[in-house]
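Below you'll find the structure, written out as structure tokens, and then a few comments.
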Amino acid sequence: MNSFIISSLAGLFRNIGNKFKESATSALFTRIYLAFSRAWENSLIMGLVGSQKRGDKASKSLIYKIFRLPITFWEYLRGKIGIRLGEKIKTSLLCGLGRDYIQSFMAVNTRFWGVMLLSASAAYTALKLAAVHSYSKPVLAAGAVGVIMLLLNYNLTAFLNGSGVVTFIKKAAGFENLDFEFYDEKRISGVQRLVLAAIIGICTGAAVCFSPLLGLMLPFAVFGGLLVMWVPVTGVFAAMFIAPFAPTMALAGVCMLTTLSLLVKALTKENFKWRFGGVGLGLVLLLTLLFVSCVFSFARVGSLTVWAMYFVFIVFYLVIVNTLETKEQIYALIKLFVIAGALVALYGVMQYAFGWTTTNAWIDETMFEDDTMRVYSTMGNPNVLGEFLLVVMPFAAVYFLKYKAKTWAKWVYLAMFALMGLCLVLTQSRGCWIGFMVSLAVFVTFYEGRLWGLLPIAVCIIPFVIPETMVERFMSIGNMEDSSTSYRVYIWLATINMLKHYWVGGIGMGELAFNKVYPFFAYNGVVAPHSHNTFLQLTVEGGIGALVLFVVVEAVFVKKMSSLYRMDNKKSEDSMLALAAASGVLGFLVQSMFDYTFYNYRMMAMFFMVMAVGVSLLYIKSEEAKK
């Protein structure tokens, strides 16, 4: 019955669509679209951001050469000591043990894991008996399991390739070519890997005595650290996936370890070529200018602490650009980022459905009495959650549009996009809603402008679909009776007054510096940790130069994405990903006018990560074109 109804409705809408295509209205919309399209292509804006005639002049400038000096020095060191150092690393016993550990860990070799489990159980039990004369039955049971495992010698990872469930998951997620036999069989044998497993097991057992959670994480942390040092790109994958989940300092740790790994690779790998470019130069200039403002800050130590976080995540932009080497890596990285976004959105929706730790703290309850809960998922704040969804949703849309209708992946990415869209609604972040509309408008215009012909139909349907509370909240934009709106306006006015005195060099970075100056300019006693506007905040922290540099960097990025978009057919994967990166960044920048989007360091990191992925794809595409 249900299938009959669905097929009937599908047939009805198909007939309506065919009739619409043949109608005079459709022809009129097509003409209007083509007229606007030609005007847009020839416009001043497209001339500024899309011209391919002007090359990247930044690489020839004196400023570029000055700020590239650290890279030049690293290349000099490679010529002097790098190659010899690389050979010593390859033959090092310690590095060999590290590779053995990585291979056995990835293969999930039962004998290796059995020895580690038995050693951990024995160490924990011995320490507990010596200290408190007691033991743990679950730990002893784990040791017994370890005995059984070490008697076998199988690589469990290899069994995943033939699993029907795993095959389905790979196809649904778009990882059809993923092969789980990525370990070296030659290194999963011998005694030294078992000795290594025993050492790690003993350390784990001892650590569990003091902190069970941290102790259990030890073998995985050792594996992750060794893997990142061996293959830097794994650090990029790890950082982009864990960014919306992990604590800020854990994410910063992964970024710094990956940076160190890339530096070692660049020092020891012959013919390694650094990528810097206009966006990288602009970000380094911005970082330098902000450092100067921190030196003369009203709260120097606090400002330098904030600057250190900017340094870690902006440098990681350069790490990503110089680590990603193939388009396949970029495609896989983006899909993993989308999956992370879907998981975050799922938790947000479940928060709302089950009432998990939701709060009305971000809503004026006198204006919105009904159904006012706002979700924040793993991001700690509804606005930050909305900002994250802004940069990830366009990529989900790309893979929904790219996969064929008969594949599971198409509908999985549609489901993930819809889930993130629902979560965006539940954030009730009005600035993010506006940002999403701008992002959607950019994406639709360049992907298939004729879809604007459906706008009148959408306008008629939307009032019957959108909840009344969402309409009320959207219509409250600009209403000064809403405390959150008036709160922001008063802060903006106070910040503008601050800029009359500190627009040249700023007051320094961070909340401490801001709160030492802001109270002298505050309206109505409104207390604020920042200006609730990224552009105002950058100006008040680093002066007008910081604002100009940031705007120029974003303009250059959009121009580069425009160049990448034009390199291929607009429906190709590369062009669509360029469009997704640009539209996501533009939507994020719109939200930045209503909130200080870099206040959350993880969000700042993900913003620069998205930019880095887009620029990396352009580099790879350009290098392919030269061959």
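The values are calculated or read from the model by the stated rules, or taken from the named source; none is laboratory data. As the structure is a prediction and not an experimental result, all values here were calculated from the model. So basically every Cβ, Gly included, is an ideal-geometry build from the backbone, and we count neighbours across all protein chains shown. Calculation scope for accessible area: heavy atoms of the full protein, side chains included, ligands and nucleic acids excluded. Shrake-Rupley method; radii C 1.70, N 1.55, O 1.52, S 1.80 Å.
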- Pairing a residue in the range 603-627 that is farther than 15 Å from residue 334 by Cα with any residue that is β-branched (Val, Ile, Thr) and open to solvent by 10 Å² or more (accessible area, probe 1.4 Å), where Cβ atoms lie under 6 Å and the two sit 6 or more apart in sequence or on different chains, gives 603/384
- Item | Filter result (under 19 Å from the mean Cα position of the chain (by Cα) and open to solvent by 30 Å² or more (accessible area, probe 1.4 Å)) within the range 297-316 | 311, 315
- Given (1) β-branched (Val, Ile, Thr); (2) buried (at least 16 other Cβ atoms within 10 Å of the Cβ); (3) farther than 19 Å from residue 445 by Cβ, where does residue 527 come up short, assuming only one miss? (2)
- Query: Do you know which residues across the range 94-117 are more than 33 Å from the chain's Cα centre (by Cα) and closer than 19 Å to residue 161 by Cβ?
  - Reply: 110
- Message: Suppose we keep only residues that are of a type in the set (A, V, I, L, M) and at pLDDT 80 or above within the range 159-187. Which one would you say is nearest to residue 223 (Cα to Cα)?
- Response: 166
- Message: Looking for something open to solvent by less than 30 Å² (accessible area, probe 1.4 Å), touching a Pro at 6+ places or on another chain (Cβ under 9 Å) and in a helix (DSSP H, G or I) - is there at least one such residue anywhere in the range 270-278?
- Response: no
- Task: Quick one: in the range 198-215, of everything that is assigned to a helix (DSSP H, G or I) and small (Gly, Ala, Ser), which residue is surrounded by the fewest Cβ atoms within 10 Å (Cβ to Cβ)?
- Result: 206
- Residues of the range 319-348 being open to solvent by 30 Å² or more (accessible area, probe 1.4 Å) and assigned to a helix (DSSP H, G or I), which ones? 327, 328, 329, 331, 336, 339, 343, 346, 347
- Task: Could you tell me whether any residue of the range 114-132 is open to solvent by 30 Å² or more (accessible area, probe 1.4 Å) and modelled with pLDDT under 85?
- Result: yes
- So which residues in the range 588-617 are out of contact with any Phe, Trp or Tyr (no Cβ under 6 Å at 6 or more places or on another chain) and among the small types (Gly, Ala, Ser), if there are any at all? 592, 614, 616
- Lone qualifier among 564, 579, 618 - being open to solvent by less than 30 Å² (accessible area, probe 1.4 Å), within 25 Å of residue 244 (Cα to Cα) and of a type outside the set (Phe, Trp, Tyr): 579
- Message: open to solvent by 60 Å² or more (accessible area, probe 1.4 Å) and among the aromatic types (Phe, Trp, Tyr): is that true of residue 411 in this structure?
- Response: yes
- Message: For the range 152-196, which positions are in a loop (DSSP other than H, G, I, E, B), aliphatic (A, V, I, L, M) and either surrounded by fewer than 16 Cβ atoms within 10 Å (Cβ to Cβ) or within 31 Å of the chain's Cα centre (by Cα) (or both)?
- Response: 152, 178, 191
- Message: Out of 465, 489, I need the residue that is β-branched (Val, Ile, Thr) and either open to solvent by less than 70 Å² (accessible area, probe 1.4 Å) or at pLDDT 95 or above (or both). Which one?
- Response: 489
